[in-house]
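Comments concern the structure below.
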Amino acid sequence: MTQTYHTIIIGAGHNGLVAAAYLAKQGKKVLVLERRAIVGGSVVTESFGYGFAVDSVFTGGSLRADIVRDLGLGTSEKSARSTRPAFISLQPDGNHITLDAESIKRVSAKDAARWPEFVRFMDKSAKILEKAYSSIMPRLPMNFGLKEGFGLMELGLALKFAGRKDMLNFIRALPMTAQELLDENFESDAVKAAVASVAIHGFTLGPMSAGTGYTLIHNWMNRGGLTPLRLPPISPKMGGEKEGGIGEITSALANAVKSFGGEIRVNAEVASIKIENQIAKGVILANGEEISADVILSSADPKHTLLKLVGPRELPPEFVWHVQSIKMRGSVAKVHLLTKGKHGLPEGTLVVAPSIKYLEKAYDAAKYGEISEKPYLEISASGKTISIHFQFAPYQLKNGSWSMENRKVEKLAIDTLAEYFPNLKSKIVNRKLITPLDLEQTYGLTEGDLNHGQLMLDQFLFMRPIPGWSNHKTPIDNLYLCGSGVHGGGGVSGVAGRNVAKILK
């Protein structure tokens, strides 16, 4: 007997689970299908050996406060922020800089005096961007009317209430390079580079790339500042995960879905979306099982959803061309280490970003399909485990393949970090490498792109995922996108899942 649901959601990543929880709470019959044996997508805590539990892909993040409140998920973001670790920029001379006014004063009294105002402006800009992400963007230039323009009206009001000075500075910052924005605020290259590292984190861009003013604000917003939250604003703690692991977010969301009457099936890979007369009718699993539903949501990235699960033959040619042109360009690898302890790394978020030129040169390698010999690293140290975010390691290698080059990234990451902490190598007892190819094959991220599509000036707001289709809809009736590749997505926030629930309410 074929089961019929109101809504099927493809993928149990955090956005898919947020959408599922909202819709189940509304009383709809919801089924979430996840191809892996565990929920979470790239927001997951996994074990790679005894005592070796790590946040595999994203090492920090939090859901929006309204999502936590609406779904009854637990504590507030405010209480979680009290545990925020320090943000430390490692320096070759050993005089590492913690990004706060007191530490910055050691390198520049002028920059230390400027720091509080810069933080205030970034916090204000993050609030404006969050308002924009909370709004459903109109399908410009199609069908523009009062209803479709409501999202832009909300953004306009947020800008107006920000005040004339902050409004103008926010608009100026979006297309600027991170270098230009930081040159206007600071004199120390070490301080500028440390902040610029946040602008390029997770993106195949350098600090001299246009639009990294925008990505700086975006990452600042998602992190709630410089450092990603380590202890998500979720309670209670779920068993089987490391304390404070990001997997608590998706475990709590999965529990919320079930508490509202929704269903979640793991080891249930969707092979295709069943379409009749341009209307989505259900899904076909890899094992041949067919499941019907009135509405299909996909939290997979737009390319995978539309080109593989739907297929080009069901879509208008021009639309297919636009989808094929979405820039993915993943260039992130992850290196996780289990140590004996006493490795010398302080707790917190550490970055290897000594200068703007260093970061730009690291990016230069990726432009030519090469692995950066002197990479930008962001390191999360917690107890005996160390997680290294490595940029740049492009998905598309000019020479060789990831089966040949994978150990090179691991060695470069460890060697680079050991320059600052000589005891590190002797303390390593286990390691786990995740390449861009692994991000695609294991975690379902096309081209290893953490954000389901680069956050660039031609791929944001009403142009995300493509112009004319910014409101979660597709040319297939009853098929919607709810992953990070749509407006509001990128990083960990849950906004894309929440917004699609608004449309379907």
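Only one of the listed residues (A196, A190) is over 22 Å from the mean Cα position of the chain (by Cα), at pLDDT 90 or above and within 25 Å of K334 (Cα to Cα). That residue is A190. Restricting region 22-54 to residues that are more than 19 Å from Y443 (Cα to Cα) and basic (K, R), the residue that is surrounded by the fewest Cβ atoms within 10 Å (Cβ to Cβ) is K29.
Of all residues in region 287-304 being of a type in the set (G, A, S) and assigned to a strand (DSSP E or B), which is surrounded by the fewest Cβ atoms within 10 Å (Cβ to Cβ)? It would help to see each step written out before you state the result.
Looking only at region 287-304, we keep the residues that are of a type in the set (G, A, S), and these are 288, 292-293, 298-300.
This time we only want the ones that are assigned to a strand (DSSP E or B), so: 292-293, 298.
Details: S292: 14, A293: 22, S298: 27.
Residue satisfying both the conditions and the ranking: S292.
With buried (at least 23 other Cβ atoms within 10 Å of the Cβ), hydrophobic (A, V, I, L, M, F, W, C) and within 25 Å of the chain's Cα centre (by Cα) as the only criterion, which of L253, L307 stands out?
L253
The residues of region 470-487 that are modelled with pLDDT under 90 and within 19 Å of the chain's Cα centre (by Cα) amount to a single one, S470. If you filter region 35-44 down to residues that are assigned to a loop (DSSP other than H, G, I, E, B) and touching a helix residue (DSSP H, G or I) at 6+ places or on another chain (Cβ under 8 Å), you find that the one that is farthest from G491 (Cα to Cα) is V39. May I ask you to list the residues in region 390-411 that are of a type in the set (A, V, I, L, M) and part of a loop (DSSP other than H, G, I, E, B)? Listed by number, the residues that qualify are A393, L397. Within region 86-114, being in a helix (DSSP H, G or I) and either β-branched (V, I, T) or touching a residue at least 40 places away in the same chain (Cβ under 8 Å) (or both) holds for I104, K110, D111, R114. Count of region 338-348 residues, restricted to those that are in contact with a helix residue (DSSP H, G or I) (Cβ under 9 Å, 6 or more places away or on another chain) and either free of Cβ contacts under 8 Å to residues at least 24 places away in the same chain or buried (at least 18 other Cβ atoms within 10 Å of the Cβ) (or both), is 3.
Within region 450-469, identify whether any single residue is at pLDDT 95 or above, farther than 21 Å from S325 by Cβ and not β-branched (V, I, T), and answer yes or no. No: region 450-469 contains no residue that is at pLDDT 95 or above, farther than 21 Å from S325 by Cβ and not β-branched (V, I, T). Evaluating E378 against the criteria (1) acidic (D, E); (2) surrounded by fewer than 20 Cβ atoms within 10 Å (Cβ to Cβ); (3) outside any loop (DSSP other than H, G, I, E, B) leaves one unmet condition, (2). Of the helices (runs of 4 or more DSSP H) lying entirely inside region 412-505, those carrying at least 3 residues that are touching a Cys at 6+ places or on another chain (Cβ under 6 Å) are 495-504. Checked against (1) surrounded by fewer than 17 Cβ atoms within 10 Å (Cβ to Cβ); (2) within 21 Å of W220 (Cβ to Cβ); (3) among the small types (G, A, S), S426 meets all criteria but (2). Taken over region 171-227, the criterion of being buried (at least 22 other Cβ atoms within 10 Å of the Cβ), of a type in the set (F, W, Y) and within 16 Å of K124 (Cα to Cα) is satisfied by Y214 alone. Just one of the listed residues (V335, V283, V270, V320) is farther than 26 Å from F58 by Cα, modelled with pLDDT of 95 or more and buried (at least 20 other Cβ atoms within 10 Å of the Cβ), namely V283.
The values are calculated or read from the model by the stated rules, or taken from the named source; none is laboratory data. Every value quoted in this text rests on a predicted model; they were computed, and no experiment measured them. FYI the Cβ positions are ideal-geometry reconstructions off the backbone, even for glycines, and counts take in every protein chain you see.
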